[in-house]
Each structure stands twice: as C-alpha cells, then as structure tokens.
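**Q** First, the structure itself, so that you have it in front of you.
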Amino acid sequence: MHIEVTSTQDPGRAAWLAEFFDRWYVARLAGESHDRADPAAWQPAELRAEFEHGPEDEVLHWLVALEDADDGDGAGSGGRGLGSAEVRMPVLDNTHVAAVTIAVAPEARRRGVGTRLLAAAADLAAASGRTVLRTETERPVEAPEDTWPGSIALQRWGFVPGLVEARRQLALPVPPDALDALEASARPHAAGYRWWAFAGPVPEPDVVAMAGLMARMSTDAPQGDLTVEPEVWDPARVRAAEAMRTAQGRRTWTAVAADATGTLVGYTMLVQSAHEPERLLQWDTLVVAEHRGHRLGMLLKVAALRAAVADAPEARRVSTWNATTNGPMIAVNEALGFLLDELCEEGEVGVEDVRSRLAVGPEGLRR
C-alpha cells in the first residue's frame, strides 16, 4: 500500500485528478456509504469542481491509499483505491485547525489503511503549522457507538469528543396547510419583524449585513467543546462562496428576517445540487441571540421551504443537522416534521499527540 497526495496549491493537481480522482472517490463513497441507508454524500462533480475551482478560504489536500502489486490485485499506481482522506486547512481564520475526513472501503478495513492515511494527514497538518486535528463520524441512530467502526477509530486514535450533531430528514412535499398552521402560530410572536425569501445570490444592498450574520454562525451556534475561533466574513467571502456553489452546480434559497429598523437579524439557507436534485440541504440557520424568542426560526424555515419547493418540485426530502444541545432549533425541526435518523460525532486531538501515538502507540497503531 502506498499513498498519493495532491492539494489545491499543487501545480500538478490536474494530472493527479486525471489519474487518481475516480479511485479516490470510489473509496470515499464506499467507506461513507457502508451500513448507512442515506449517507448524503457529496457528488463527484461537486467535489471535483470545488477542488479545480479552489476555495479562497481553505487549502484542500486529497490523499488516496492504493494497493501495491504485493498487496493483492493491484500494481503500482494502477492499484485499486483502498481508502481516501481529505484535509481542509482554513486560511482566513481558525488557522490552528486541520479538518480531516477519512474513509476506508469496507473490504480494506482492519489492514491499517485508515491509520496510514491519518498519519499522512497529521504530517501535512504539522508541516502547515496546524496544532489541532478535527474529524467526525456519522452513524445511524440504531447503530451502537461501541461497535460502529468510525466511533471505534476515533477513540482508538485519541480524538476527544467535542460535539454531537443529530441529522433529521423531512419528507417532501409538506402539506401546505401544515406550513400555514405553523406560520399562523408563530406570526403573533414576531410583531415588529418582517421576513422574506429570495433565490440565488444575496442582493447587493444586504451583502454586508449577510456577511455579519454568517460570522455570527461561528459564535452564536453551539460548538460544544471544539476549539473554534470566530470566523471572518466580509462581502468578498460571501461572493466567493456563491461563485463556488455555482461552479459546483448548486443553487440556493435564503430567507432573512429584519427588525423594525430594517437590520437583518436572522437567516436560513436551503441548497440543491444539480447532481442530486431530489435532496435539499438545510445549511445555516441563525437568529442572533438578542432577537431570539420571537419564533423567527420557524418563520424563516417556512419561508425558505416554500420558496425552494416552488422552484424545485422534484425535491423529495430535506436533510438538516443540529447540535444535540440546540433544543430550540430541534423543536422547530420536529414541528416541521423532521425525523431523526443519524448522529454525527465530532472530535479533536493535538497534531503532535496523534503523531506520537501513531508512531509509538500500541500494536496496530504503528506506521
């Protein structure tokens, strides 16, 4: 087994993609999908477009573990993909973090593939001056944590639990009278506020305010015990994110709320991929702390959902994630009809801690 690596800063990344992308993605999808009914995986065209476009706020590293000739049926760089890893390194904020995603094909597990990929990812993080590795594993709610491969791996590698998010899904279409009733119940609590939805980019008059709301997502939303610094957002970053979504074939519907002075105080966003049109992804939902208690979260979600479903009648479900400690937002989602199906466990470990552990740890953790 050997590992091939590239990054969005690698002059040879186009050649790497031509030779290794398909095997990288097949291994990633196999690992992410195993024993999960609906993994909500990124589609290959989305991932490739992001890598080729190059995000302005992160450096991405991709790693693929390949089978050698003496490992089985492979031969050199032509061997099959056993596992994949992605390392995201923010460059505008949280520059202490390297976020790692590792997936190992089921038939290649218990062969040290994940450990080799983690060791290589940790080396990249150390070389970039990162001090914290962050990763996550997603498992069905009925799967016991003590037998789920991803949960076992995180514990074995020394990751300290930091945040648990619950995934819920909403079947579409939602009966219009159900949305009408939810809006009617919430509206009296929101006197003095107004809210509306729009498709596509943020209108220019609101882009500064939207940048401020997006920055507050990193401070107002629950982060558990993760070491998260406030994110830095400005209009340029908002527009760069919009351009990236366009390159990936994604479109958005956003609902915003304003107070009596016209100041934006909350928003929510739904995203649809041209490569998976039957699913809507519920991205950020935020009502700034000083304006909570007015049912704006419900009113925003109803407005965005109506707009998205009107434009995308082919959508059949909405997937959303919330910290398990975020009771108010979970209550909103459950009132809308979202049903719990998975848990996402996030953890962190010091880069040097994990490098030492992998180098000299117990049997099975040696490089």
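The values are calculated or read from the model by the stated rules, or taken from the named source; none is laboratory data. If you're wondering where the values come from, they're calculated on a predicted model, not measured in any experiment. So basically every Cβ, Gly included, is an ideal-geometry build from the backbone, and we count neighbours across all protein chains shown. Note: accessible area is taken over every heavy atom of the protein model, side chains too, but ligands, DNA and RNA are not part of it. Shrake-Rupley method; radii C 1.70, N 1.55, O 1.52, S 1.80 Å.
**Q** For every helix of n ≥ 4 consecutive DSSP H residues, a contribution of -39,500 (n - 2.57) applies; sum these over the chain, divide by its total residues, and give [θ] at 222 nm rounded to the nearest 500 deg cm²/dmol.
**A** Taken over the chain, the calculation gives -11000 deg cm²/dmol.
**Q** If you don't mind, another one. Pull out the extension gain between E52 and H275, defined as 0.36 nm times the separation in residues minus the alpha carbon to alpha carbon distance; nm, one decimal.
**A** 78.6 nm
**Q** Give the shape of region 272-351 as rounded, prolate or oblate, defined through the alpha-carbon gyration tensor: a ≥ b ≥ c are the square roots of its eigenvalues, a/c under 1.5 means rounded, and otherwise the shape is prolate if a/b is larger than b/c and oblate if not.
**A** Oblate, because a/c is 1.5 or more while a/b does not exceed b/c.
**Q** Rounded if a/c is under 1.5, else prolate if a/b is larger than b/c, else oblate: which is region 1-70, with a ≥ b ≥ c the root eigenvalues of its Cα gyration tensor?
**A** Values: a/c = 2.25, a/b = 1.12, b/c = 2.00.
Taking the square roots of the gyration eigenvalues as a ≥ b ≥ c, region 1-70 is oblate.
**Q** Name the residue from P44, T6, F20 whose Cα lies farthest towards the positive end of the charge dipole of region 1-67, charges +1 on Cβ of Lys and Arg and -1 on Cβ of Asp and Glu.
**A** F20
**Q** What do you get for the angle between helix 176-186 and the principal long axis of the chain? Use alpha-carbon atoms, 0 to 90 degrees, nearest ten.
**A** Here the helix axis deviates by roughly 70 degrees.
**Q** Test of understanding: what is the full-extension gain from A37 to S128, defined as 0.36 nm times their sequence separation minus their Cα-Cα distance?
**A** Length gained, A37 through S128: 29.1 nm.
**Q** Please figure out what share of the DSSP beta bridges in the chain is antiparallel and state it in percent, rounded to the nearest 5.
**A** Beta bridges within the chain, antiparallel portion: roughly 90 percent.
**Q** Using only Cα atoms, tell me the angle between helix 296-311 and the longest principal axis of the chain; keep it within 0 to 90° and round to the nearest 10.
**A** Once rounded, the angle reads 80 degrees.
**Q** Please find the FRET efficiency linking L340 to E290, where r is the Cβ-Cβ separation and R0 is fixed at 30 Å, and quote it to the nearest 0.05. Spell out each step's value before the answer.
**A** On the way: r = 30 Å, r/R0 = 0.99.
So, using R0 = 30 Å, E works out to roughly 0.50.
**Q** Angle check, please: helix 235-248 long axis (alpha carbons) against the longest principal axis of the chain (alpha carbons), in degrees 0 to 90, nearest 10.
**A** Taking Cα atoms only, the helix is inclined about 70 degrees.
**Q** Would you grab the residues whose amide H sits under 5 Å from the one on G112? Only those 5+ places off in sequence or on another chain, please, with H modelled 1.01 Å from N.
**A** Those qualifying (amide H under 5 Å, at least 5 residues apart or on another chain) number zero.
**Q** Still on this structure: Tell me the label-point distance for the pair Q223, S356, using the 7 Å Cα-to-Cβ offset, in nm and rounded to one decimal.
**A** Inter-label distance under the simple model: 2.6 nm.
**Q** With the Cα gyration tensor of region 1-137 giving a ≥ b ≥ c as the square roots of its eigenvalues, does the rule (a/c under 1.5 for rounded; else a/b larger than b/c for prolate; else oblate) give rounded, prolate or oblate?
**A** rounded
**Q** Y193 accessible area, nearest 10 Å², 1.4 Å probe?
**A** Its heavy atoms expose roughly 40 Å² to the probe.
**Q** May I pose another question? Work out from phi, with θ = phi - 60° and the Karplus expression 6.51 cos²θ - 1.76 cosθ + 1.60, the ³J(HN,Hα) of each residue of region 192-209, listed in order in whole Hz, and give x for Gly and Pro.
**A** Calculated HN-Hα couplings, in order: x, 9, 9, 8, 7, 10, 9, 9, x, x, 5, x, 3, x, 9, 5, 5, 5 Hz.
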